[in-house]
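Below is one structure, written out as structure tokens; the observations come after it.
The values are calculated or read from the model by the stated rules, or taken from the named source; none is laboratory data. Just so we're clear, the structure is a prediction, and the values are computed from it rather than from any experiment. Note that each Cβ is placed from the backbone with ideal geometry, even for glycine, and that neighbours are counted across all protein chains shown. Side chains are part of the model used for accessible areas, which takes the heavy atoms of the whole protein and leaves out ligands, DNA and RNA. Shrake-Rupley method; radii C 1.70, N 1.55, O 1.52, S 1.80 Å.
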Amino acid sequence: MINLQTLKTVLARDRRLISLPNKGTAVFVGDTHGDFDATEAIFRLYFKPGFILVFLGDYVDRGDEARENIEFLLKKKEESPEQVFLLAGNHEGYCSVPFSPADFWESLSPEEYNFFSEICQFLPFAAITQNGLMVTHGAPPDVSRPEDINDVQVCSEHWFQLTWGDFVDKPGDFIGTNSGRPVFGIDYFNRVMKQLGAQVLIRSHQANIAPIVFDKRCLTLMTSYYYTMTRTIAIADLESPVINSVDDLEIVEIE
């Protein structure tokens, strides 16, 4: 049973930006979208001493086991707050920006809806490492420095960038919107990553882009059978002096 107050306290302690330690190994997981089998496999393989698990959002909707998926993840976060981190995806923001399809949210009773909505309001927006990784659900926000992410408000322009932002692999800064999703090009990526002092972006959210773009500096992960038969995660050595490209990561398929 998830304790609401305990979990809110744990999540509030993380703030909106997670600063990962400079020791151990980090495992980054893309959208799981109710693919509880993927989540279970990741915990079976990597939930052990020396490993930190960072999930990039979109735990619910689409897949058949959305409730099992998010309840399991929240319980693991409550039990192991320094080893499990859960970023907010756009599907965790349904109470702020409704969308369709939203089969998980629409299946809940009013009490259940309030419970999950309240928890999701506390989820962090991004993570950063000391060796050059920026980790988000969508796009990095156009802020001056990483610490500014702690001040991002839900439904603000920066929140939409973080949780709804898409990329296209062509020149340009802000390209426009696609079905309400802000779309950014290579120039935005290079400019904002420089502002944030980051070398490589790990993200999820967008199934219709090549997994590796922008001179091997942007990796998009999908870890749900809803999107693909190739469910991928990324593994990073947090003790490595610097991560300059996707080549410095280990990309693993979850079977």
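Among the residues of the stretch 26-64, the ones that are open to solvent by 50 Å² or more (accessible area, probe 1.4 Å) and either touching a His at 6+ places or on another chain (Cβ under 8 Å) or modelled with pLDDT under 95 (or both) come to 2 in all.
The number of residues in the stretch 36-73 being out of contact with any helix residue (DSSP H, G or I) (no Cβ under 7 Å at 6 or more places or on another chain), of a type in the set (Asp, Glu) and within 24 Å of residue 164 (Cα to Cα) comes to 2. Would you pick out the residues in the stretch 82-94 that are open to solvent by less than 50 Å² (accessible area, probe 1.4 Å) and out of contact with any Pro (no Cβ under 8 Å at 6 or more places or on another chain)? Those that are open to solvent by less than 50 Å² (accessible area, probe 1.4 Å) and out of contact with any Pro (no Cβ under 8 Å at 6 or more places or on another chain): 83, 84, 89, 90, 91, 92, 93, 94. Regarding the stretch 126-149, can at least one residue be identified that is open to solvent by 10 Å² or more (accessible area, probe 1.4 Å), touching a Pro at 6+ places or on another chain (Cβ under 7 Å), modelled with pLDDT of 95 or more and not in a helix (DSSP H, G or I)? Among the residues of the stretch 126-149, at least one is open to solvent by 10 Å² or more (accessible area, probe 1.4 Å), touching a Pro at 6+ places or on another chain (Cβ under 7 Å), modelled with pLDDT of 95 or more and not in a helix (DSSP H, G or I), which makes the answer yes. For the residues 62, 16, the requirement of being on the phi > 0 side of the Ramachandran plot and either in contact (Cβ under 8 Å) with a residue 40 or more places away in the chain or not β-branched (Val, Ile, Thr) (or both) singles out 62.
In the set (1) in a loop (DSSP other than H, G, I, E, B); (2) of a type outside the set (S, T, N, Q); (3) open to solvent by 30 Å² or more (accessible area, probe 1.4 Å), residue 108 fails one condition alone, (3). Flag: residue 122 does not match the condition of being free of Cβ contacts under 8 Å to residues at least 24 places away in the same chain and either open to solvent by 20 Å² or more (accessible area, probe 1.4 Å) or basic (Lys, Arg) (or both). Selection over the stretch 157-198 of residues that are under 10 Å from residue 140 (Cα atoms) and modelled with pLDDT under 95 gives a count of 0.
Taken together, 75, 8, 23 contain a single residue that is open to solvent by 30 Å² or more (accessible area, probe 1.4 Å) and either farther than 26 Å from residue 113 by Cα or free of Cβ contacts under 8 Å to residues at least 60 places away in the same chain (or both), which is 23.
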